[in-house]
Structures are given as structure tokens and as C-alpha cells.
Ligand code: AMP
């Protein structure tokens with residue numbers, strides 16, 4: 001099989017080091033004036049795609065994002081890490097995207113870009129939906145390898161290693177396929193300064209979200225309320241296991 005065209009879904013999220021706060025409306029997270037970055041699991045998916053190209057298994061890596069204009073910055077980062085080109089499916093500022101809406105848009109981008117392989121993160125650290133890859137594979141009716149910790153291209157097949165509760169599972173998937181990247185798949189590289197400069201000249205196309213299938217209706221999944229966790233209580237020392245078990249039982253933990 002000829003070298004693969006790989007599409008990587010990259011999501012812009014609040015940076016992992018930021019302390020997330022509930023917004024004054026009580027139903028969303030405060031995003032204004034907060035540092036955003038590329039979702040860490042998307043970095044791993046992108047790194048794997050770039051490595052496939054470096055090994056000659058992929059011919060092109062296309063980073064795509066569904067979101068507001070601000071996602072262009074995320075896509076520039078993906079280009080600096082090694083994507084060849086990028087496409088933003090743009091939605092308006094207030095538009096809420098659930099996993100279904102994101103997956104419908106990614107499916108629309110698959111229709112346009114015709115990749116052989118779609119690589120996504122196993123989860124985004126903003127809402128922890130962890131479903132976009134699975135919904136996308138269902139929409140496309142493509143095989144899926146979720147939580148991948150190892151990937152090898154074998155002609156028209158992919159060999160995928162997955163970490164499951166009982167150990168490691170190995171799957172063979174026929175291309176085209178959808179993969180989602182687990183933490184141990186690889187160690188993503190940093191973008192170097194020369195590559196950040198070069199990325200400014202790489203192509204970044206913007207298409208309307210509606211053109212690729214973002215539904216005009218509000219998402220089917222709605223967040224009813226959000227609250228911050230209660231402050232942590234101080235720890236307690238106990239002298240022996242019997243007291244520990246009694247305390248846990250009294251507090252309803254066991
Ligand atoms: P989630 O299902 O939201 O936890 O996201 C899982 C993965 O789906 C992410 O790591 C991305 O690869 C992909 N994804 C989700 N939403 C988007 C989006 N708006 N744009 C691009 N990729 C996305």
C-alpha cells in the first residue's frame with residue numbers, strides 16, 4: 001500500500017497547569033484571559049503521525065481542528081511540531097461543541113481530505129468526554145483502535161497495541177481506520193524555534209463549520225451545572241490497621 005495520508009484531530013483546551021474555575025453563570029468554565037494549549041493527548045497523536053511520516057509510512061500529515069478562530073494558534077503549533085498543512089473548521093464564539101458535533105465535523109473533514117488514517121487523542125482534558133474517536137469511527141463505519149500504546153503499519157493493515165485492564169491487547173485493523181492515542185504511545189517532541197518560524201509559511205485553510213457538517217442546532221449533550229470540588233480536609237494519622245478500618249467504616253467509605 002502507498003504511504004498513508006494521516007489526519008490528526010487537535011483540540012485547543014485550557015492549559016493543564018491552569019487552575020480551572022467555574023464561570024459566574026454556574027454552567028460553564030471560565031475561559032476568558034486563561035492560557036490555552038494543544039490538548040496533551042493530541043500532542044501524542046500528532047507525534048505518532050509525524051513519526052509515521054519520518055519512517056516513510058505516511059506521505060502527509062494534516063492537522064485539523066474544529067473550533068473558534070483562536071484554534072488557528074493551536075494549528076500553528078501543530079505545524080511547528082511537524083504537520084504539513086492544517087485545516088480549521090471554524091465555528092462562532094458562543095457555539096458549544098459536544099463530542100457528537102465534533103465527530104460530525106471531523107467526519108466532514110474526512111470527506112474533504114480523504115485520509116487513510118485518522119489519529120486523535122484518547123481524551124481531551126477539558127471535558128473528559130473521551131468519545132469523539134469512537135463516535136467518529138461509528139459515523140464513518142471504519143474500524144477503531146482506541147487507547148493505542150503501539151502502532152505499526154503492515155501493508156493495508158495496522159497492528160495496534162492497546163492497554164486494557166487485564167494487560168495488553170493486540171488488534172489488526174484494515175485501513176482506513178481511526179486510532180486514539182494513549183499516554184504511553186510516545187513522548188512528544190517540542191517545537192524548535194526554527195520550526196516555529198517555518199510553520200508560519202505552511203498552509204492553514206479555514207472552512208466554515210457548517211460546510212463540514214457542524215449541525216446548526218445546539219449540542220444534544222447539555223451541561224446542567226458545574227461546581228468546584230469541596231476544599232480538601234486535612235489528613236489524620238492512626239496507630240493501627242484496626243483503627244483505620246473503623247474510621248473508614250464510620251465515615252461511610254467502606
Ligand atoms: P474528547 O472526546 O473531547 O475527550 O476528545 C478526544 C479527541 O478527539 C481529542 O484528543 C482530539 O483528538 C479529538 N477532538 C475532540 N474535539 C475536537 C475538536 N473540536 N477539534 C479537533 N479534534 C477534536
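Miscellaneous remarks
- Of all residues in the range 150-168, those satisfying the criterion of being touching a helix residue (DSSP H, G or I) at 6+ places or on another chain (Cβ under 8 Å) and surrounded by fewer than 18 Cβ atoms within 10 Å (Cβ to Cβ) are 150, 163.
- Restricting attention to the range 96-121, the residues that are closer than 19 Å to residue 62 by Cα, near the ligand (Cβ under 8 Å from one of its atoms) and out of contact with any strand residue (DSSP E or B) (no Cβ under 8 Å at 6 or more places or on another chain) add up to 1.
- Scanning the range 16-30 for residues that are within 16 Å of the ligand (Cβ to nearest atom) and surrounded by fewer than 14 Cβ atoms within 10 Å (Cβ to Cβ) yields 16, 28.
- Condition check for residue 105: surrounded by 23 or more Cβ atoms within 10 Å (Cβ to Cβ) and either touching a helix residue (DSSP H, G or I) at 6+ places or on another chain (Cβ under 8 Å) or closer than 25 Å to residue 4 by Cα (or both): yes
- Members of the range 197-214 that are in contact with a helix residue (DSSP H, G or I) (Cβ under 6 Å, 6 or more places away or on another chain) and part of a loop (DSSP other than H, G, I, E, B): 202, 213, 214
- For residue 124, the test of being closer than 16 Å to residue 45 by Cβ, at pLDDT 95 or above and in contact with a strand residue (DSSP E or B) (Cβ under 7 Å, 6 or more places away or on another chain) is failed.
- Near pairs, Cβ below 7 angstrom, 6+ apart or cross-chain, from the range 3-20 (farther than 27 Å from residue 84 by Cβ and without any contact (Cβ under 8 Å) to a residue 40 or more places away in the chain) to any residue that is assigned to a loop (DSSP other than H, G, I, E, B) and more than 10 Å from the ligand (Cβ to nearest atom): 18/34; 18/35
- Residue within the range 65-79 that is near the ligand (Cβ under 9 Å from one of its atoms), within 22 Å of residue 176 (Cα to Cα) and touching a strand residue (DSSP E or B) at 6+ places or on another chain (Cβ under 6 Å) present: yes
- Top-ranked residue in the range 134-159 [being within 16 Å of the ligand (Cβ to nearest atom) and assigned to a strand (DSSP E or B); ranked as farthest from residue 107 (Cα to Cα)]: 149
- Output for the range 174-196, where each listed residue is closer than 24 Å to residue 78 by Cβ and outside any loop (DSSP other than H, G, I, E, B): 177, 178, 179, 180, 181, 183, 184, 185, 193, 194, 195, 196
The values are calculated or read from the model by the stated rules, or taken from the named source; none is laboratory data. Model, not experiment: these values are computed from the prediction. Virtual Cβ from ideal backbone geometry, glycine too; neighbours counted across all protein chains shown.
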